[in-house]
Amino acid sequence: MRNIIMCSINISLLILAAAGISVMATASTTAASSRFDYADALSKSILFFEGQRSGRLSPSQRMTWRKSSALHDGFDVHRDLVGGYYDAGDNVKFNFPMAFTTTMLSWSVIEFGQLMGPELQHALEAIRWGTDYLLKATRVPDSVVGAVGDPNADHSCWQRPEDMDTPRTSYVVNKQKPGSEVSAEIAAALAASSMVFRHSDRAYAAVLLRRAMQVFEFADKYRGSYNDSIAAGVCPFYCDFNGYMDELIWGASWLYKATKAPSYWNYVKNNINYLEYNNIVVRNVNGNPVPSSQGGSITEFGWDAKHAGINILVSQWVMKDPHNSNPFIPKADQFICSILPESPAPKSVSYSRGGLLFKPGGSNLQHATSISFLLLVYGRYMKLANKVVDCGNNVHVTPARLVSFTRGQVDYILGSNPLGMSYMVGFGQKFPKNVHHRGSVLPSVAKHPQHIDCHVGYSYFNGHDPNQNVLTGAIVGGPAEDDTFKDSRFDAPQSEPTTYINAPFVGVLAFFKALHH
């Protein structure tokens, strides 16, 4: 591990060159973007995960206002389910978005870990906090825990995780009541993380990979949606609107990347066209379905839809292989062209006047961070294959263009926006102070050791004082499309952070940290 962390600047420059940035370009752009300390942002983006930890906290816990919580999770089903992450500002462990978070943290390290410097160790700890729990959630064969904590009871309380007295119900999928999407995403997370630990803990990596293979087999053999099997534990909070085939193909893609076993690659190729006929349900801000004219699936990526991520991931090994490049490369290119403002192609995003990309629904920064990550990764693969993307009308997209576009999104999030507001808590001089997050709003156990009951906490929520505890590194849902931001706990779509907003941003920030070092 020491060799990985203490990589030389020459290695960093080689990696940057692989992303389409020359040493001269690095020097020339440093001054223009020096207003942001990307290294500090990277450090804080990883620290945030310590604020979301569930279970028994370690002595090395740096976000010290958080204490151990939910130490009896799994008791109702006679399992040890202690650990993992709370997904957002509540105290439920939703394993579908938690697994996606773990996949994206792992992918961030796989692509950009060499650029993280001393923060790499903290990133590995963040991943392992997730994978240790996911191993527990999949310990019983042909059975996967999909969530822990009664979400309706939890959302009726405003309570510190250390004080929870709402039911910690465990919601489990199995042969009779399957959940292919949550199971396949967990398989993807375990496969991706096995690659992360391959050099530092080979035994642990082997455990992760074996479990990934077993869980994927279960997800594929017993097909069905967890919407039907454990709806009370996941809907409407994390219903799967998109079907489970994308997760199965995503899981197989990661297993192929981790194992190079032809069976997984054949699975991907044999099933990928299924997604062509199953466009996602696009919903407006009120949750109502609306017609989609954007080609649907290929432009979507997040905890629920893996389509664009599949094509970008697979492109790494098919970009120079005409026999296998279709449909992956054309669809990845189409995704790129649907994002960039100068492209004549139909857009899958809109833009605020300040330049932030938007997609329908709340918690918009999840799209800005995940799309930014995909663009940087695709730029790396393009550079290695000496490729440009032709969007038509003489618009040709280079890797350097993807970097410059992504930097615009990153800088907007960190403060280069009409409000001069950093949307990362604790970064910069002006950032959200009224974050929709129970542990951040309520006084810490150290300051208020007495138990805070379910409804008593609302007196703090309804107050006008800033949050008592700074959830350092948390990226909130973000501004409205007119670039306004209320900084109100009552506006959860704007002020609530989530783990899956931060996870892809870790890799993005590592890239720009090295670029402007």
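The values are calculated or read from the model by the stated rules, or taken from the named source; none is laboratory data. None of the values given here were measured: they were computed from a predicted structure. Note that each Cβ is placed from the backbone with ideal geometry, even for glycine, and that neighbours are counted across all protein chains shown. What goes into the accessible areas is simple: the full protein's heavy atoms, side chains included, and nothing from ligands, DNA or RNA. Shrake-Rupley method; radii C 1.70, N 1.55, O 1.52, S 1.80 Å.
For the range 110-229, take the alpha-carbon Rg, divide it by the Kirkwood Rh, and send me Rg/Rh.
Numbers: Rg = 16.4 Å, Rh = 15.8 Å.
Reported Rg/Rh (Cα atoms, Kirkwood Rh): 1.04.
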### Dipole of the chain, positive end: most advanced residue of M319, V268, L135 [Cβ charges, Cα centre]
M319
### Task
Please report the base-10 log of the normalised intensity I(q)/I(0) for the range 328-444, using a Debye sum with one equal scatterer per alpha carbon and no solvent, at each q in 0.16, 0.18, 0.19, 0.23 (1/Å).
-0.80, -0.95, -1.03, -1.34
### Task
Using amide H atoms built 1.01 Å from N in the peptide plane, name the residues 5+ places from M319, or on other chains, whose amide H lies under 5 Å from its own.
none
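Return an integer: the convex hull volume of the alpha-carbon atoms of the range 36-76, in Å³ per residue. Mind dumping the intermediate values first?
Numbers: hull volume 2.9 nm³, N = 41.
Per-residue hull volume (Cα only) is 70 Å³.
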### Message
What are the ³J(HN,Hα) couplings of the range 307-324, residue after residue, when phi is run through the Karplus curve with 6.51, -1.76, 1.60 and θ = phi - 60°? Round to Hz, x for glycine and proline.
### Response
4, 5, x, 4, 5, 5, 4, 5, 4, 4, 9, 10, 4, 9, 10, x, 5, 10
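Ignoring everything except DSSP H segments at least 4 long, calculate the 222 nm mean residue ellipticity for the chain; use -39,500 (n - 2.57) per segment, divide by total residues, nearest 500.
-14000 deg cm²/dmol
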#### Entry: Listed residue (F405, C454, H436) projecting farthest to the positive dipole end of the range 368-517, Cβ model
F405
### Message
Bins of 10 Å, beginning at zero and ending with the bin holding the largest distance: percent of Cα pairs per bin for the range 31-187, please.
### Response
10, 38, 33, 15, 4, 1
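Leaving out ligands and nucleic acids, and using a 1.4 Å probe, what accessible area per residue does the range 200-276 come to in Å²? Could you put the intermediate results ahead of the total?
Working: 3240 Å² over 77 residues.
Here the per-residue accessible area is 42 Å².
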### Message
With viscosity set to 0.692 mPa s at 37 °C, what whole-number translational diffusion coefficient in µm²/s follows for the range 162-277 from Stokes-Einstein and a Kirkwood radius over Cα pairs?
### Response
218
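Please get the size of the charge dipole for the chain, origin at its Cα centre, with Cβ charges of +1 on Lys and Arg and -1 on Asp and Glu, quoted in debye to the nearest 20. Kindly include the intermediate steps, with their values, before the conclusion.
Values: 45 positive and 43 negative charges, 244 e Å.
It comes to approximately 1180 debye.
Whenever you get a sec, compute what percent of the accessible area on the range 211-250 sits on carbon and sulfur atoms (1.4 Å probe). Write down the numbers at each step before the final one.
Working: 790 of 1510 Å².
Carbon-and-sulfur percentage of accessible area, whole number: 52.
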### Query
What does the accessible area per residue of the range 80-191 come to in Å², with a 1.4 Å probe and no ligands, DNA or RNA counted?
22
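Please compare each pair in K306/K331; K67/K306; K93/K136; K44/K359; K269/K306 to a cut-off of 22 Å on the Cα-Cα distance and tell me which ones are over it. Walk me through the numbers before you get to the answer.
Details: K306/K331 13 Å; K67/K306 34 Å; K93/K136 13 Å; K44/K359 26 Å; K269/K306 15 Å.
Table pairs above 22 Å Cα-Cα are K67/K306; K44/K359.
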### Query
In debye to the nearest 20, how big a dipole does the range 33-102 give about its Cα centre with +1 on each Lys and Arg Cβ and -1 on each Asp and Glu Cβ?
200
## Note on the structure
Over its alpha-carbon atoms, the range 62-140 yields an Rg and a Dmax in Å of 13.9, 43
### Task
Obtain the nm distance between the two label points defined at Q450 and N152 by a simple spin-label model: each point lies 7 Å from its Cα along the Cα-to-C-beta direction.
3.2
### Task
State the percent of C-alpha pairs, over all pairs in the range 392-517, separated by a distance greater than 24 angstrom.
39
### Query
What accessible surface, in Å², does a 1.4 Å probe find on H122, ignoring ligands, DNA and RNA and rounding to the nearest 10?
50
### Query
Of the chymotrypsin sites (Phe, Trp or Tyr not before Pro) in the range 195-239, which ones lie in a loop per DSSP and count no more than 14 other C-beta atoms within 10 Å?
none
## Note on the structure
Probe 1.4 Å, all chains present, heavy atoms only: C239 accessible area in Å², nearest 10, is 20
### Projected label distance in nm at Q121 and H323, using a 7 Å step from Cα toward the beta-carbon
4.6
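DSSP loop trypsin sites (Lys or Arg not before Pro) in the range 353-414 with at most 10 other Cβ atoms within 10 Å of their Cβ, which ones? Walk me through the intermediate numbers first.
Numbers: sites: R353, R380, K383, K387, R401, R407; in loops: R353, K387.
For trypsin sites (Lys or Arg not before Pro) across the range 353-414 that sit outside H, G, I, E and B with at most 10 neighbouring Cβ atoms in 10 Å, the list reads R353.
So if I place +1 on the C-beta of Lys and Arg and -1 on the C-beta of Asp and Glu, and nothing else carries charge, what would the dipole magnitude of the range 316-392 be about its Cα centre? I want it in debye, nearest 20. Display every interim value, and only then the final one.
On the way: 8 positive and 4 negative charges, 29 e Å.
Result for the range 316-392 is approximately 140 debye, rounded to the nearest 20.
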### Per-residue ³J(HN,Hα) for the range 174-180, Karplus 6.51 cos²θ - 1.76 cosθ + 1.60, θ = phi - 60°, Hz, x for Gly and Pro
8, 4, 6, 10, x, x, 5
### Derived scalar couplings ³J(HN,Hα) [the range 425-430; Karplus, 6.51 cos²θ - 1.76 cosθ + 1.60; whole Hz; x for Gly, Pro]
4, x, 10, x, 8, 10
### Task
Using a 1.4 angstrom probe, figure out how much accessible area the range 380-517 has per residue, in square angstrom, rounded to the nearest whole.
39
### Carbon/sulfur fraction of accessible area - the range 298-438, other protein chains in place, 1.4 Å, %
49
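Using a 1.4 Å probe on the protein chains only, how many percent of the accessible area of the range 38-145 belongs to carbon and sulfur? Please report the intermediate quantities before stating the final value.
Working: 1780 of 3100 Å².
Using a 1.4 Å probe with all protein chains present, the range 38-145 comes out at 58 percent carbon and sulfur.
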### Task
Indicate the gyration tensor shape class of the chain (rounded, prolate or oblate), computed on the Cα atoms with a ≥ b ≥ c the square roots of the eigenvalues: a/c under 1.5 is rounded; otherwise a/b larger than b/c is prolate and the rest oblate.
rounded
